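Values quoted throughout were computed directly from the atomic coordinates according to the rules given, and no laboratory measurement underlies them. Model, not experiment: these values are computed from the prediction. Cβ coordinates were reconstructed from backbone atoms using ideal geometry, including for glycine residues, and neighbour counts include every protein chain displayed.
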Amino acid sequence: MAFQIIRNDITKVSADAIVNTANPNPKYVSGTDYAIYMAAGADALLKERQKIGDIEIGQAAATPAFALSANYIIHTVGPAWIDGEHGEKEAVRSCYKNSLRLAKELGCESIAFPLIATGVYGFPKADALQIAVSVFSEFLAGTDMEIILVVFDEASFVLSGKIFAGVDAFIDENYVSEKMDSEYSLGASAPTASFASSLPDEKRRGRRLFGDTFHFSRRKDAARSESLKADLAEEPVFDEEEFTAEPMIGAPPMAMAGAAKPGRSLDELMANVSETWQESLFRLIDEKGYTDTEVYKRANVDRKLFSKIRSNAAYQPKKITAVAFALALRLSLDETKDLLGRAGYALSPSSRFDLIIEYFIGQEVYDTYTINLALFEHKQPLLGE
């Protein structure tokens, strides 16, 4: 994965280069700068920093990383926020660009960034986040490097702006499990198997589910009903197996173009199998006039994985990878469903991940880095591999 976002302490991240939001003078006082000095070994790092001298706002310089799990610390100086009308955004953009340029010159294959200048310097986190992702996207279009954006806590990660304004509303409007109480009254006659099968996997597993029937009893007391309501309404956490395992037997109908008809033999059925996911992928690349490089970079996957896909017509992608390629190809919603179906996947109204993908396709926003911000905020797996 070329770009990923993680919640962590940046001093505990392993990368070829760790970026420090530095003081312009060779000293450390507070915030990320102080934490990096303490973790790396303050005395040794300060001596190296003193050799560099002052660093101008927007510029970057490197020192050894000492005790950190990195080869280099790249020190860059962000601006103090005034009102956004004094060149602050341009300065932060320069911090990211110059840090990446220096990492490339040093031969780094991976680099970890904090949200530059958002601490004691007061730069708005939402603006810093969108600037960072914009610079990363431009840089990765022409360079192979792993970029890790490290945010310390949930308060450090805030989405805003027109692109993201409708995500929560779209999820609220379309998320199936949140409509259950209005569609099915608890304590009424027992819902059928189709009701149980419509629930997301995380709601079904181990929750009063026997065979194919979701059992309720009219005689259960109010406390049990309230408990069940809470059970259905709790915040879902994505199941990693859903996005990494091979699709289940019984794939979506669109994946089974040669679906059996009465009287057809197995040989006849097999003779009518349509394109594999891999074959469809490369046909679409050709039809849309894209190059392999621009597609795998937009999909946030590395060259080695793409070569593996190209050499294997029966390649079975993870769901997040299949979705990432659909976005990289800028497919319509129907085209996306067809491509996913060929890998045995579907978009479900019971999945927040799927709804976020559907929302952005509907908005004609296909940038995987931008979409990963929304996925990260909603605690969903990120696109790419």
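Rounded, prolate or oblate, given the Cα gyration tensor of region 3-156, with a/c below 1.5 counting as rounded? If you can, show how the numbers build up before the last one.
On the way: a/c = 1.35, a/b = 1.11, b/c = 1.22.
Rounded is the answer for region 3-156, as its axis ratio a/c remains below 1.5.
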Where labels lie 7 Å past Cα in the beta-carbon direction, separation of S30 and S307 in nm: 5.0 nm
Within region 3-156, percent of DSSP bridges classed antiparallel, to nearest 5: 25 percent
I need the calculated FRET efficiency for the pair E138 and D168, taking r as the beta carbon distance and R₀ as 25 Å, to the nearest 0.05. 0.35
Note down the nm distance, to one decimal, between modelled labels 7 Å out along Cα→Cβ at H86 and at S69. 3.9 nm
Any chance you could run the full-extension gain for E364 through Y290? It's 0.36 nm times the residue separation minus the Cα-Cα distance, nm to one decimal. 24.9 nm
Past 30 Å, Cα to Cα: identify those pairs from K125/K304; K125/K337; K27/K97; K337/K379; K89/K304; K89/K308, in the order given. K125/K304; K125/K337; K89/K304; K89/K308
